[in-house]
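Presented below is the structure to which this report refers.
The values are calculated or read from the model by the stated rules, or taken from the named source; none is laboratory data. Since the structure is predicted, the reported quantities are computational estimates derived from the model, not experimental observations. Heads up, the Cβs are rebuilt from the backbone with ideal geometry, glycines too, and the neighbour counts pull from every protein chain shown.
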């Protein structure tokens, strides 16, 4: 039919210029796309053409616009100096279902070719434009779907969130405008509208020297690369490809070449580019912020993850993301990539890393969060998190509230799970994890761990698990080819695609050792690297003996350290480290970031296991000593660790070294910090873990060291008011070793349980032993506890003797604050005894001591106590002066609780003096500060006193409301004060004639107002008038 319609009228003239056995070119020029799309190639098998096209028919389709003469042949291409060899190809696979398969086909086709190949990672138009502008490819190949949309044809490429992004021909031409590409190949098996692909080819032919379209897999089009790389033009390349096709039997679509110019070779084979490497073979990825994990020389693949997870984190459809998978699967690297993208969108990054020596815990989370918020200028939030007076659960609740209002990406990298239960080992952290998954507000969380924590096997709607698989084969091979020596071997044919694919198969796609595999393959002198062979062992053999031993010793570190740290564990002089480390980095056996060095996690264990047990212990002990000394010197920030993290890492090293004494010393330092910060459960865990370790060393070794950990556990229980547990652990500690501190702690444990005789014996023993060993501070502390026991038993004179001894000890030590505190305690005792003048003298003495010492905080408290004493005595004028003097001192240091108490006391003084309006303002100020502090008892007191004032100012109904609110607040906190307030409320209601129904309705109205404005409207009483 084609011959009959188009060639038959002119065939007699045309055949004279043809010869059998010669290649033939057929140019089809038309303004009708339908004509251009006809299968002109089938003329080569038509009997009507008398076999003259059988040798090889090259068909050129020339899209003709309206102004071009009918039948005009292609023009000669503009005279431009051909680009130098070798062939540079930019490939983009937009096939959402098998982009890796398309990339494999192109990579396999490039084996043994003198060509430079760059593959788009994301498949997005922006990346295509960027790479085209930097690489300047000779050829751009797109494997994608073409669609008809809006009356025209368009490419379907991945867009944000993985949603299709339609790109018209003119948009693609603009994106590639700076590429200087000589040709475009459009391929991919079309599912909807095959004609759309050819329409795009017609349109793009106006912007590029040639465009080839082929409704086939990328594997088919990739076969064009060999003839093109050899320097043949596109017509010749297509002709050679079709020579192997049986057109008579195969109905498959054929390649179609569109051009306005006569095709010419893509490059000048006689010229070579000065730099033949692709301009950007990979995208490096830094480690997870604040860690040495997740770094990648080349971030490849993960297109699906980035297209699905990143938009979901942005729009909040995913608020908590748990990335799970085996070790070495790339979880940290993906987390780092997501973090870098979220940071560029304005999210703050808060990272907590986990290591085998230092797992993620609630204590570490609070510490990291406080530092993060303080760095961001949120000092109040940071202070609340570090407030050791608040239970850890409350602080974690506060952290969650802070995260809800602050766009923060919380990263837990390396969350460890209990090996038996699969749960998060830390109960407080587990509770926070479940709360965070329900609603982190404007913040987001990314967690990496081996499996989904069993604490919550079913996740809330906006929390998601992502099971991370290994890299696709194409991505894995592409990474290996990023090593120039491997790429050169691949181009030469020395390294085959199948060989690289075998390494992918042996690794299960996991990128754990991919950098070392690439380096080992690049080391030609070492011979071929077998699939499954340990590449690190191959690389290690390339090092000199001293360097190899130094690296294996340095591998004990799980965190990045300075050259001094490497030297300490390696046992070599620090001046040798730069040379060694440079060679290690060259072989991908170590890497440097911000001046700190790390050995990649996946190879650490194999390197350490190459050491003898004695060498391992020595390296571990040296590493622990380095980290311990760094923390002790306050220099842990030099390796980007907190002091706590440095000590925890040091502890792990010393335990691994079987250094019981060293581990116990570091654990004691950690315990002191945890105790001061109120992290009691973590303190108990660490010391119980140490006790278990010591028991494994044998009873003799354990007995000499175990008393310390037992004592720390006892102290934690004591501070948590778990007195029976504290008694048990102090008893265990004393069984192991005598210590006045243990007797002191045991005495306090017994005292709080009402076991007074036993408490007295232990406290007296503590005082005597502290005095015997010359520990004045311990003696004073034990005397303070003994005085408390005496006061509880009514033995006030004996208590006074203890406090007087404390004052003497503090004076002898030059401890002004301690001496002043002792005088204040003596004053309180005098007040109990009714000796107000003596008490006043002692408080004045305390105030003067602190004032002379310049202790503004301490002197203000002494002044407050002095004012309280004068108020107790009835000297209200003097008390008022002292309270007013103390108030600005409390306000200056931000003591809201103390300021509220002073305002309340001044209100009482003014009320007694008849200055009702001044009293009201003081009670209102006390109310505001108490509400800010969340002190319900003080808040109720302020409401009650405002109610009393209202009654006194003839506003009885308003007074009743305020007093009723005070009663409700006191009942809500189960305060005994409610027993005094409720009868007053009931009497006043009766005096005002309130029925039961009216009273309950009034209370309900008051509660509604409190829920609306915290009772502030009620507290603004009308002035007397």
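Listed residues 911, 899, 975, 905; which is in contact with a helix residue (DSSP H, G or I) (Cβ under 7 Å, 6 or more places away or on another chain), closer than 30 Å to residue 866 by Cα, in contact (Cβ under 8 Å) with a residue 24 or more places away in the chain and assigned to a loop (DSSP other than H, G, I, E, B)?
Going through 911, 899, 975, 905 in turn, the sole match is 975.
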Residue 428 - would you say it is crowded, with 19+ Cβ neighbours inside 10 Å and outside the structural domain of residue 362 (by TED's automatic domain parsing)? no
Which listed residue, of 931, 945, 924, is closer than 30 Å to residue 389 by Cα, part of a helix (DSSP H, G or I) and more than 47 Å from the chain's Cα centre (by Cα): 945
On the basis of being at pLDDT 90 or above, crowded, with 16+ Cβ neighbours inside 10 Å, closer than 25 Å to residue 387 by Cβ and assigned by TED's automatic domain parsing to the domain that holds residue 843, does residue 901 make the cut? yes
Out of (1) part of a helix (DSSP H, G or I); (2) modelled with pLDDT of 95 or more, what's the single condition that is false for residue 525? (2)
So for region 651-668 (the condition being out of contact with any strand residue (DSSP E or B) (no Cβ under 7 Å at 6 or more places or on another chain), buried (at least 19 other Cβ atoms within 10 Å of the Cβ) and free of Cβ contacts under 8 Å to residues at least 12 places away in the same chain), does at least one residue qualify? no
Tell me which residues, restricted to region 281-301, are over 11 Å from residue 335 (Cα atoms) and free of Cβ contacts under 8 Å to residues at least 60 places away in the same chain. 284
Could you check region 587-605 and list, in sequence order, the residues that are part of a helix (DSSP H, G or I), within 18 Å of residue 538 (Cβ to Cβ) and out of contact with any helix residue (DSSP H, G or I) (no Cβ under 6 Å at 6 or more places or on another chain)? 602, 604, 605
Would you mind finding the one in 647, 627 that is farther than 20 Å from residue 574 by Cα and either touching a strand residue (DSSP E or B) at 6+ places or on another chain (Cβ under 8 Å) or surrounded by 21 or more Cβ atoms within 10 Å (Cβ to Cβ) (or both)? 647
Would you confirm whether any residue within region 669-685 is at pLDDT 95 or above and under 25 Å from residue 609 (Cα atoms)? no
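Okay, residues lined up against (1) in a helix (DSSP H, G or I); (2) at positive phi; (3) in contact with a helix residue (DSSP H, G or I) (Cβ under 8 Å, 6 or more places away or on another chain); (4) touching a residue at least 40 places away in the same chain (Cβ under 8 Å):
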site	(1), (2), (3), (4)
731	yes, no, yes, no
735	yes, no, no, no
744	yes, no, yes, yes
757	yes, no, no, no
767	yes, no, yes, no
786	yes, no, yes, no
791	yes, no, yes, yes
Residue 959 over 50 Å from the mean Cα position of the chain (by Cα), part of a helix (DSSP H, G or I), modelled with pLDDT of 90 or more and crowded, with 23+ Cβ neighbours inside 10 Å: yes
Output for region 880-905, where each listed residue is over 45 Å from the mean Cα position of the chain (by Cα) and closer than 17 Å to residue 859 by Cβ: 881, 882, 883, 884, 885, 886
Considering only residues that are in a helix (DSSP H, G or I) and either over 16 Å from residue 308 (Cβ atoms) or under 11 Å from the mean Cα position of the chain (by Cα) (or both), which ones fall in region 335-352? 335, 336, 337, 338, 339, 340, 342, 343
